[in-house]
Amino acid sequence: MKWGGGGYVTGLVFHPTTANLLYARTDIGGAYRWNQGTSAWTPITDGLGFGAAEARYHGVESMAVDPNNDQLVYMATGMYVSEGNGRLYVSSDRGDHWTYVGLPFPLGGNNPGRAIGERLMVDPNKPSTLFYGSRTAGLWKSTDSGLTWAQVASLSSLKMTQDQINANGGTAMGVETVVYDTGTKGTGTATQTIYAPIAPDYVTAAGLASNLYKSTDGGASWTAVATPVSGYHIPHMVRAADGVFYVVFTKDPGPGAGGPARLYKFDGSNWTLLKDPNSGGTGTGLGLGGLSVSGAGATTRIALGVTNTWGNYSGQQAIQWSGDGGKTWREIAATMPRTPADGSFWGWPDDVEIDPANPDRVLHVHGGGVWETRNASSATPSWNEAVDGLEETAVLGLATPPAGATYTVINSSGDVGTWVHTNLATKPTLTPGTTWSNGFAADMAWADPQYMATIGVVLGTSTGFGMWSGDGGKTWAKFATYPTGVADNKGGEASIAITARNKAVWAPGNSVPSYTMDNGATWVPTNLPAVNTVFPRAYHLAADRKNPNKVYAYDSGGHWWGTPGKVYVSTDGGHTFTLSAGSVAAGLAPNYFGNNSLAVNPNAEGDLWLADGNAVYHSTDSGATWTKLSNFASIFAGNQWAQVQGASAIALGKAKAGAPYSAAVYVVGVVGGVWGVHRSDDGGATWTRFNDDAHQYGGIGVIAADQNVYGRIYFSGTGRGLLYSN
């Protein structure tokens, strides 16, 4: 479903000679390829290699192309350094299909400094040779197109210990990029002169002498290069066509790197200062991020991203432009015409690229996607948000209304808050307007779906919120008061159930749920037991759609080593609850809040479905007794915790015409050892896989099913926005 952007694009990689061949990498949502014909992005990391057990490989740390073969593209992935070693994906068809090998070092596609690079570089003269600047283990080299790797010990043999990484805040920057000093390609002889910028953390840990090293023998030996400033990051270093290097120095690693900062020109011996964004008495806070050059000599064009600058005002530096090799500069982004008009050039232009085929086309990344201009050299360049097809919001909760409602789904997402979708093909406009916020969950009154409520947290102030609308999302207001627990527990483990207009039950994280009978004017705690805070948890709440006096609460136990799951049942609208002895007897597995799901069949009173992470359970008597289905089972790989959850999410939607059961049931889980979305039309007697290997999305987090259209579900991938099926 259309949103457009919504997340941090950390890098853009053009092919140097094939026009309009452009890739985008993101921190949590995989990678995309630009489609010039549609002026939109095509996702290229949804299929094989990106299943439920591979969600962390949707964090892309670096990409590289082969200048000699425009079909070949490489992608290095791994979301966090703490998760273990990463992968190198290789495609010979521009990302339509991938194979992969394990890398012998960890990657941090969503760690700080994630726009630094590119860390992965293909030797243009001998493209079977690749170098990789790792975060924790120095420089690495492959001579067989990435299949095997060896550390370049001649630079440093240090592999940072966990203590060293922890001392650096749990991450590291390491060797930040690799730059070949060559103007040729395809000679068959490996490029001999290579530069390697190195971050301060690795310089210190390895006892190196400089933030920049040079090799003149293809990496066999290295010498320190004296730099005009030391102890700074070098997020980007670019070679112009005339052999002159342009080098960014900035104090912080980003995103939105803080200063001080400098841009220098380097001819191999001499350094010339070209730009200090803090000159003129502006302090030291502005940093530098993205850098791209085009041309040579006195007419070299330079595009430079000024980071840690916010808003849109006269005098702001966002994208600085020089058409004369850095002698003079002007701003080409801030206050310039742009579409959409309310879009902001804020803070994070940590990568900027001039199109090698069109030097008037400039793109830069930011926390919500990509901005593009096609007339950079004009006095007033116009900018367009180039985000069609690029969907990187992190959907945290979904709720669908009864058939015939004025909207299709309520979407609660990270960073961008909650939105009510009325059209699958256009960006939604209905929202409580909580700006930079996480929407956790939402629900509506089934008999009166124009009444809805959503809960979440405003990130800028770390303030929990609850908002309600009585007109289908057109207008919103805050609840007058909030339940106990909202102010202190602002994680995504929370839920809300609406029983009727003005009546709701709210379960904040780590808290006893409370109910309101007066649209939030007052909240009264229920009698549900307190949940411990050994791991973030909350009750999953669901209102019976046929009898709103019935409300169900599911405590999943906190984690795989927590307490067994339990279901509680209320028959007075969610005021008081009774433990279901049948749920205790069923032996529900303990599991993390986000690995399980409680759903009601809206077409039959007391008809409940539960996914405890490992298996699916069904109750037809309002939760008094539960039947375990034998179809689903987790995949374990040598640990006590599941590698792939057997049943993590469940939703019920419109039934197939003539089906024996009143709803279609969809489960995200594992049947017969195969992970996917599985559907049953006969109440769980039989199941068929609903997705396929080409549609895996790095795993699926939350789902909801449509009550109007059979076969339509709404769901989240890993950093892939809100998707739907037909």
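If you take the residues in the range 652-671 that are over 18 Å from Thr620 (Cβ atoms) and surrounded by 19 or more Cβ atoms within 10 Å (Cβ to Cβ), which one is farthest from the chain's Cα centre (by Cα)? Spell out how you get there, then give the answer.
From the range 652-671, those over 18 Å from Thr620 (Cβ atoms) are 653-654, 656-658, 666, 668-671; that's our starting set.
Cutting the leftovers down to surrounded by 19 or more Cβ atoms within 10 Å (Cβ to Cβ) gives us 653-654, 666, 668-671.
Values: Gly653: 28, Lys654: 31, Tyr666: 24, Val668: 20, Gly669: 22, Val670: 24, Val671: 27 Å.
Selected residue: Lys654.
In this structure, does Phe632 turn out to be among the aromatic types (Phe, Trp, Tyr) and either without any contact (Cβ under 8 Å) to a residue 12 or more places away in the chain or out of contact with any strand residue (DSSP E or B) (no Cβ under 8 Å at 6 or more places or on another chain) (or both)? I'd like the intermediate steps shown before the answer.
Values: among the aromatic types (Phe, Trp, Tyr): yes; either without any contact (Cβ under 8 Å) to a residue 12 or more places away in the chain or out of contact with any strand residue (DSSP E or B) (no Cβ under 8 Å at 6 or more places or on another chain) (or both): no.
No; evaluated as a whole, the condition is false for this residue.
Within the range 421-457, track down each residue that is open to solvent by 30 Å² or more (accessible area, probe 1.4 Å) and more than 19 Å from Met1 (Cβ to Cβ). I'd like the intermediate steps shown before the answer.
The initial filter retains those residues of the range 421-457 that are open to solvent by 30 Å² or more (accessible area, probe 1.4 Å), namely 422-427, 429-431, 433, 435-436, 438, 446-448, 450.
Residues satisfying the conditions are Gly433, Thr435, Trp436, Trp446, Ala447, Asp448, Gln450.
Every residue in the range 219-234 that is small (Gly, Ala, Ser) and either open to solvent by 30 Å² or more (accessible area, probe 1.4 Å) or without any contact (Cβ under 8 Å) to a residue 40 or more places away in the chain (or both), please. Steps first, answer last, please.
At the first step, the residues of the range 219-234 found to be small (Gly, Ala, Ser) are 219-221, 224, 226, 230-231.
Ala220, Ser221, Ala224, Ala226, Ser230, Gly231 - these are the residues of the range 219-234 that are small (Gly, Ala, Ser) and either open to solvent by 30 Å² or more (accessible area, probe 1.4 Å) or without any contact (Cβ under 8 Å) to a residue 40 or more places away in the chain (or both).
May I ask you to say which residue of Asp70, Asp66, Asp46 is without any contact (Cβ under 8 Å) to a residue 60 or more places away in the chain and not hydroxyl-bearing (Ser, Thr, Tyr)?
Working: Asp66 fails: without any contact (Cβ under 8 Å) to a residue 60 or more places away in the chain; Asp46 fails: without any contact (Cβ under 8 Å) to a residue 60 or more places away in the chain.
Sole residue among the options that is without any contact (Cβ under 8 Å) to a residue 60 or more places away in the chain and not hydroxyl-bearing (Ser, Thr, Tyr): Asp70.
Can you name the residue in the range 354-395 that is buried (at least 24 other Cβ atoms within 10 Å of the Cβ) and among the acidic types (Asp, Glu) and, of all such residues, is farthest from Leu288 (Cα to Cα)?
Glu391
Considering every residue within the range 133-154, establish whether at least one is within 20 Å of the chain's Cα centre (by Cα), at positive phi and in a loop (DSSP other than H, G, I, E, B).
no
Could you say whether any residue in the range 171-180 is assigned to a strand (DSSP E or B), within 36 Å of the chain's Cα centre (by Cα) and of a type outside the set (Val, Ile, Thr)? Quick ask: steps written out before the conclusion?
Looking only at the range 171-180, we keep the residues that are assigned to a strand (DSSP E or B), and these are 175, 179-180.
Add one more test, that the residue is within 36 Å of the chain's Cα centre (by Cα), and what stays is 175, 179-180.
With the extra rule that they be of a type outside the set (Val, Ile, Thr), the set shrinks to 180.
For the range 171-180, residues assigned to a strand (DSSP E or B), within 36 Å of the chain's Cα centre (by Cα) and of a type outside the set (Val, Ile, Thr): present.
Given the residues Ala624, Ala604, which is the only one that is at pLDDT 95 or above, aliphatic (A, V, I, L, M), in a loop (DSSP other than H, G, I, E, B) and over 16 Å from Ala663 (Cβ atoms)? Working first, answer last.
Working: Ala604 fails: over 16 Å from Ala663 (Cβ atoms).
Exactly one of Ala624, Ala604 is at pLDDT 95 or above, aliphatic (A, V, I, L, M), in a loop (DSSP other than H, G, I, E, B) and over 16 Å from Ala663 (Cβ atoms), namely Ala624.
Suppose we keep only residues that are part of a loop (DSSP other than H, G, I, E, B) and in contact with a Ser or Thr (Cβ under 8 Å, 6 or more places away or on another chain) within the range 156-170. Which one would you say is modelled with the highest pLDDT?
Let us first name the residues in the range 156-170 that are part of a loop (DSSP other than H, G, I, E, B), namely 156-161, 168-170.
Remaining after also requiring in contact with a Ser or Thr (Cβ under 8 Å, 6 or more places away or on another chain): 159-160, 170.
Values: Lys159: 97, Met160: 94, Gly170: 86.
Applying the filter and picking the extreme gives Lys159.
Just name the residue that is surrounded by the most Cβ atoms within 10 Å (Cβ to Cβ) out of those in the range 559-573 that are farther than 28 Å from Ala655 by Cα and touching a strand residue (DSSP E or B) at 6+ places or on another chain (Cβ under 8 Å).
Quick first cut of the range 559-573, residues farther than 28 Å from Ala655 by Cα only: 559-566, 572.
Narrowing the set further to residues that are touching a strand residue (DSSP E or B) at 6+ places or on another chain (Cβ under 8 Å) leaves 559-560, 562-566.
On the way: His559: 18, Trp560: 19, Gly562: 19, Thr563: 16, Pro564: 16, Gly565: 26, Lys566: 21.
Top of the filtered list is Gly565.
How many of the residues in the range 672-726 are hydrophobic (A, V, I, L, M, F, W, C) and open to solvent by 40 Å² or more (accessible area, probe 1.4 Å)? Walk me through how you get there before you give the answer.
Restricting attention to the range 672-726, the residues satisfying the condition of being hydrophobic (A, V, I, L, M, F, W, C) are 674-675, 677, 685, 687, 690, 694, 700, 702-705, 709, 713, 715, 722-723.
Adding the requirement that they be open to solvent by 40 Å² or more (accessible area, probe 1.4 Å) leaves 674, 685, 690, 694, 709.
Counting residues in the range 672-726 that are hydrophobic (A, V, I, L, M, F, W, C) and open to solvent by 40 Å² or more (accessible area, probe 1.4 Å) gives 5.
Could you list, ordered by first residue, the pairs with Cβ atoms under 6 Å in which the first is in the range 545-568 and more than 29 Å from Gln640 (Cβ to Cβ) and of a type in the set (Val, Ile, Thr) and the second is assigned to a loop (DSSP other than H, G, I, E, B) and open to solvent by less than 10 Å² (accessible area, probe 1.4 Å), at least 6 apart or interchain?
Once the first residue is more than 29 Å from Gln640 (Cβ to Cβ) and of a type in the set (Val, Ile, Thr) and sits in the range 545-568, its partners that are assigned to a loop (DSSP other than H, G, I, E, B) and open to solvent by less than 10 Å² (accessible area, probe 1.4 Å) give Val551/Gly574.
Just one of the numbered conditions (1) open to solvent by 40 Å² or more (accessible area, probe 1.4 Å); (2) at pLDDT 95 or above is not true of Glu83; which one?
Condition not satisfied by Glu83: (2).
The values are calculated or read from the model by the stated rules, or taken from the named source; none is laboratory data. Everything numeric here is computed off the predicted structure, so don't read it as measured data. Methodologically, a virtual Cβ is constructed for each residue, glycine included, from the backbone with ideal geometry; neighbour enumeration extends over all protein chains shown. In case anyone asks, the SASA skips ligands and DNA or RNA and just uses the protein heavy atoms, side chains included. Shrake-Rupley method; radii C 1.70, N 1.55, O 1.52, S 1.80 Å.
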